[in-house]
1. Let me check something: with ligands and nucleic acids excluded, how do GLU183, GLU111 order by accessible area (1.4 Å probe), largest to smallest?
2. Starting from 0.36 nm per residue, how many nanometres of slack lie between MET7 and ILE113 once their C-alpha separation is accounted for?
3. Go through [x] 12.3; [y] 10.1; [z] 11.1 and flag the label whose value is the computed mean projected area of the Cα convex hull in nm² for this structure.
4. Using a 7 Å offset from the Cα along the Cα-to-Cβ direction at both SER86 and GLN127, what is the distance between the two label points in nm, to one decimal?
5. Once label points are set 7 Å from the Cα along Cα→Cβ at both LEU78 and LYS31, what is their separation, rounded to one decimal in nm?
6. Contact order normalised by length for region 63-192, with contacts defined as Cα pairs under 8 Å and 6 or more residues apart; what percent is it?
7. Taking the Cα-to-Cβ direction at TYR51 and at ASN69 and moving 7 Å from each Cα, how far apart do the two end points lie in nm?
8. In whole Å, how far is the Cα centre of region 33-53 from that of region 114-159?
Amino acid sequence: MYLVTIMNNGVETAINEVSTKTDNRISGTIKQGINTINSFTFTILPNNEGYNLIQPLKTLVKVLNTKTNKYEFIGRVLSPTHSMDSNGLISKSYVCESELSYLLDTYQSYEEIHNISVRGYLERLIQAHNNNTDSSKKFVVGNVTVVDNNDSLYRYIAYDTTKKNIDDDLLDKLGGELQIRYENDIRYLDYL
C-alpha cells in the first residue's frame, strides 16, 4: 500500500490513504531510472479532499511505501490534464517530477576551473545552485565516491542549467550515479 500526500505551504493532505476510506484514493504510476528525473503520474477525482489543493510547480508530492516505510517518490506537480469519461466522470491527471528536477531551475555562470577534485567541482555547482534558489530546493553534497584518475579536473562551466553541467562534465565523462537521500531532514545529493 502507498500513502500519497501533497504539501502546500507546510500543510500536508493525504490524497491516497492506507485505510478503507475510498474517497481519498488515486490511481498512479511511478517511473524511475538512473541519473534521470523520475516521474509520478496520477489521476484524482473531485471527491478527493486534495482535488482543488494541487498547484502546479508549488505543490510537493510524496509517495510512501507503507510496507518498507520508505519514500519511493518525492517531487513537485506539473500542469494538470482535465478529462471527462463517457459516463460524465470528471478527473484531473498530473505528471510530477522528482527533486532532481530542481537542478533544472538554476543556471551556472561561465567559468574555467583548474585543479579541482570531483567532489570540489560538484560542490561548486551545487553552491551556485543553492545561491539561486529557495531553501526548499537546496541540496547538500553528500557522499562522493566517483574519482578522476589524477583527482585534478579541468573543466569549463557552461552557461546552462546546473543539471546539464553535472551531466556533461561529470556523469558523461566519469560515469557514476546521482542519488538523493535524507538524513535528519537534510536533502543530500550523493555521487556514487
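1. Ranked list, largest accessible area first: GLU183, GLU111.
2. Residue separation times 0.36 nm, minus the Cα-Cα distance, leaves 34.2 nm.
3. [x]
4. Going from the SER86 label point to the GLN127 one covers 6.2 nm.
5. 0.9
6. After rounding, I find 24 percent.
7. The two pseudo-label positions are separated by 3.5 nm.
8. Their Cα centres are 31 Å away from one another.
The values are calculated or read from the model by the stated rules, or taken from the named source; none is laboratory data. Computed from a prediction, not measured in an experiment: that's the story for all the values here. Glycine gets a Cβ as well: all are built from the backbone with ideal geometry, and neighbour counts include every protein chain shown. Accessible surface areas use protein heavy atoms only, side chains included; no ligands, DNA or RNA. Shrake-Rupley method; radii C 1.70, N 1.55, O 1.52, S 1.80 Å.
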